[in-house]
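Below is one structure; the comments refer to it alone.
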Amino acid sequence: MSPRRQRNEEFTSYYGRPILKQPTWHALDIAGYIFAGGLAAASSMLGAGAQHSGRPALERSAKLTALTAISASVVALVHDLGRPERFVNMLRVAKPTSPMSVGSWILSVYGPLAGASALSNLTGVLPRAGRAAGVGAAVAGSAVATYTAVLLADTAVPTWHDAHEVLPFVFAGSAAASAGGVAAALSPVVQAGPARRMAVGGAVLETVMSLKMERSGNLSTETLHQGRAGTLLRLSKACTVGGAVGLALGGRHSRLVSAVSGASVAAGSALLRFGIFEAGKASTIDPKYVVVPQRERLEAREAAAAPAVSTQAPAK
Amino acid sequence: MSVTQLGMPAIGVPRKGFFTDTSLCIGCKACEVACKEWNSVPADTSMQLTGESFDNTSALGADTWRHVAFIEQKVPATDPSAHDGVKWLMSSDVCKHCTNAACLDVCPTGALFRTEHGTVVVQQDVCNGCGYCVSACPYGVIDQRKEDGRVFKCTMCYDRLGAGEEPACAKACPTKSIQYGELDELRARADARLEELHERGEEGARLYGRDPDDGVGGDGAFFLLLDEPETYGLPPDPVVTTRDLPAMWKRAAGAAAGMLVGAAVIFWGGRK
């Protein structure tokens with residue numbers, strides 16, 4: 001489907017009212033959680049790499065970042081519930097059809113591993129177990145960073161669902177970019193080489209995959225360019241690309257350049273999550289994002305079912 | 001294919017449903033009132049007039065489990081000297097109790113479940129208000145009660161069904177626009193009614209949610225409409241979001257594996 005194709009967007013809505021309900025989620029809690037979870041997850045990967053490549057300062061900062069970020073994100077998740085005191089109900093079933101259920105179990109594996117690894121590193125207690133936990137956190141982290149894409153895509157929200165094929169890669173890139181950026185900002189430049197490479201590689205993946213998502217030709221991609229979401233996503237790209245260029249060119253030589261550029265890449269990642277969140281919300285408000293693609297699908301199916309009939313549908 | 005875990009009960013009572021024949025609806029709102037009364041559903045708005053025909057309820061939601069839509073349409077006069085006429089479309093909307101129910105699929109606590117009647121119901125003592133079902137429903141039916149935190153929707157009067165009674169809305173409907181019964185029988189009845197209306201020249205008549213092969217596997221509550229679904233605020237071709245879930249998990253697994261490989265490469269790729 002070509003993005004430039006002219007669409008027939010004429011239809012009769014019910015007094016212009018939305019068909020879908022707006023997500024009940026709050027941007028700060030859920031977009032914030034997705035950012036912090038991604039930051040924690042990819043930081044655990046940096047921590048595990050650092051512990052096996054003799055980079056103690058990078059290991060320390062990455063593991064502390066992971067623990068801080070995952071703690072904040074769990075608080076945000078619980079805070080967003082309508083009944084926070086019933087948080088543990090998440091663990092009364094395990095349902096592969098519910099990305100939120102899967103995510104709860106992923107977090108309940110990842111959180112303790114990231115915590116144990118960071119505490120062992122800080123206190124020096126049980127160093128071998130701490131390192132094993134660090135490797136475990138890196139592996140579990142790969143799920144933490146990417147399942148959130150399925151969490152958003154597995155909804156009727158047009159912008160999120162339409163992006164379901166690329167969103168895991170957008171989020172993987174974004175998670176790597178944020179963790180690399182934060183670690184590059186917090187670690188001495190001599191040890192931060194892998195962090196810089198992670199930030200730059202993540203930024204490239206994030207940007208390429210975001211552009212792919214924005215140009216998929218789905219009507220709902222409009223919401224990624226307009227309004228608040230459009231502003232957030234444009235800012236995101238400026239921060240991500242600018243920070244990545246800064247890290248690639250000057251990160252090796254200057255702690256200051258490293259800190260500013262790293263923070264910029266991480267900010268770009270956060271803005272991306274908030275932008276996608278807002279775009280999804282906007283796509284539930286205007287019924288055309290529901291009706292127009294569904295009508296096109298319906299008409300294509302009817303045309304395929306009755307190829308012999310050449311008459312137009314009644315004009316009314 | 002949906003990956004609904006809790007599909008239709010294989011044994012037990014036959015699947016129950018609603019057939020709402022909007023060609024019989026007179027817009028009395030007895031269904032809305034009976035539903036509120038029986039289920040003790042709180043008032044949802046302060047008294048206010050929308051100016052949208054006789055509809056001041058506007059949409060289904062946590063506090064509206066039956067909603068009567070009013071659509072005013074101009075009927076052009078055939079005689080040029082006469083005035084244009086107006087016709088009303090009225091329709092009582094309700095939760096569709098989908099065969100492949102996205103709300104039920106995505107519920108992380110198991111609060112939403114499939115009853116022995118084949119309906120979809122929220123267990124209020126389990127729901128923790130995560131709101132996932134709200135974003136998953138392709139019809140925009142289920143919603144969160146803000147002051148309570150949990151989600152609410154039509155239960156098809158689960159308590160009445162258990163006692164062998166019909167749901168309150170169907171009981172109160174004075175024109176049999178809302179019909180309750182075994183789904184197979186309702187479908188046969190709807191097919192006959194559609195044929196009758198077409199014979200009478202009601203060309204716009206169509207069944208909505210009746211087809212078991214549609215994107216949600218057919219609705220447990222389906223409709224006879226007199227115009228396009230979107231005119232009534234219904235999605236024309238809804239699909240259960242979890243149909244694409246296996247593909248999504250595969251993509252996510254690929255991205256996760258890619259991250260781990262990438263992380264190894266940035267530490268040990270190409271240099272000592």
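The values are calculated or read from the model by the stated rules, or taken from the named source; none is laboratory data. Keep in mind the model is a prediction, meaning the values are calculated, not measured. Neighbour counts run over all protein chains shown; Cβ positions are idealised from the backbone, glycine included.
Quick notes
Table: residues versus (1) outside any helix (DSSP H, G or I); (2) within 23 Å of A:A132 (Cα to Cα).
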{"site": "A:T24", "(1), (2)": "yes, no"}
{"site": "A:L28", "(1), (2)": "no, no"}
{"site": "A:S61", "(1), (2)": "no, yes"}
{"site": "A:L67", "(1), (2)": "no, yes"}
{"site": "A:V75", "(1), (2)": "no, no"}
{"site": "A:H79", "(1), (2)": "no, no"}
{"site": "A:G82", "(1), (2)": "yes, no"}
{"site": "A:R86", "(1), (2)": "no, no"}
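- Considering residues of segment A:131-150 that are within 19 Å of B:L245 (Cβ to Cβ) and more than 8 Å from chain B (Cβ to nearest Cβ) only, the residue farthest from the chain's Cα centre (by Cα): A:V144
- For the criterion of being more than 15 Å from the chain's Cα centre (by Cα), buried (at least 24 other Cβ atoms within 10 Å of the Cβ), farther than 24 Å from A:E206 by Cα and touching a residue at least 24 places away in the same chain (Cβ under 8 Å), A:A114 passes.
- Only one of the numbered conditions (1) modelled with pLDDT of 95 or more; (2) of a type in the set (A, V, I, L, M); (3) assigned to a loop (DSSP other than H, G, I, E, B) is violated by B:L104, and that is (3).
- Pairs, first at pLDDT 95 or above in segment A:166-186, second basic (K, R) and surrounded by 24 or more Cβ atoms within 10 Å (Cβ to Cβ), C-beta under 6 Å, six or more apart: A:A184/A:R196
- The condition of being in contact with a helix residue (DSSP H, G or I) (Cβ under 9 Å, 6 or more places away or on another chain), of a type in the set (S, T, N, Q) and under 14 Å from A:R273 (Cα atoms) holds for only one of A:S187, A:S178, that being A:S178.
- Residue in segment A:198-219 that is of a type in the set (S, T, N, Q) and surrounded by fewer than 19 Cβ atoms within 10 Å (Cβ to Cβ) present: yes
- Members of segment B:216-250 that are within 9 Å of chain A (Cβ to nearest Cβ) and either under 20 Å from A:L39 (Cα atoms) or part of a loop (DSSP other than H, G, I, E, B) (or both): B:D227, B:E228, B:G233, B:L234, B:P235, B:P236, B:D237, B:P238, B:V239, B:V240
- As for segment B:170-183, it holds no residue that is closer than 23 Å to B:V68 by Cβ and within 13 Å of another protein chain (Cβ to nearest Cβ).
- Candidates A:A263, A:A229 - the one that is under 18 Å from A:D162 (Cβ atoms), touching a residue at least 24 places away in the same chain (Cβ under 8 Å) and touching a Gly at 6+ places or on another chain (Cβ under 7 Å): A:A229
- Qualifying residue in segment B:61-79 (condition: closer than 16 Å to A:Y15 by Cβ, free of Cβ contacts under 8 Å to residues at least 60 places away in the same chain and part of a loop (DSSP other than H, G, I, E, B)): no
- Test: residue in segment B:74-83 that is under 25 Å from B:E182 (Cβ atoms) and either within 12 Å of another protein chain (Cβ to nearest Cβ) or of a type in the set (D, E, K, R) (or both): no
- Assessment of segment B:71-94 against the conditions (surrounded by fewer than 20 Cβ atoms within 10 Å (Cβ to Cβ) and within 30 Å of A:M90 (Cα to Cα)) yields no matching residue.
- Among the criteria (1) touching a helix residue (DSSP H, G or I) at 6+ places or on another chain (Cβ under 6 Å); (2) among the β-branched types (V, I, T); (3) within 12 Å of chain B (Cβ to nearest Cβ), the one A:T223 does not fulfil is (3).
- Checking B:A192 against (1) closer than 18 Å to B:E228 by Cβ; (2) part of a helix (DSSP H, G or I); (3) of a type in the set (G, A, S), the condition it does not meet: (1)
- Scope segment A:298-316; condition modelled with pLDDT of 80 or more and either under 17 Å from A:T159 (Cβ atoms) or among the small types (G, A, S) (or both); matching residues: A:A300, A:A303, A:A304, A:A305
- Some residue of segment B:227-237 being among the polar types (S, T, N, Q), over 21 Å from B:N100 (Cβ atoms) and at pLDDT 95 or above: yes
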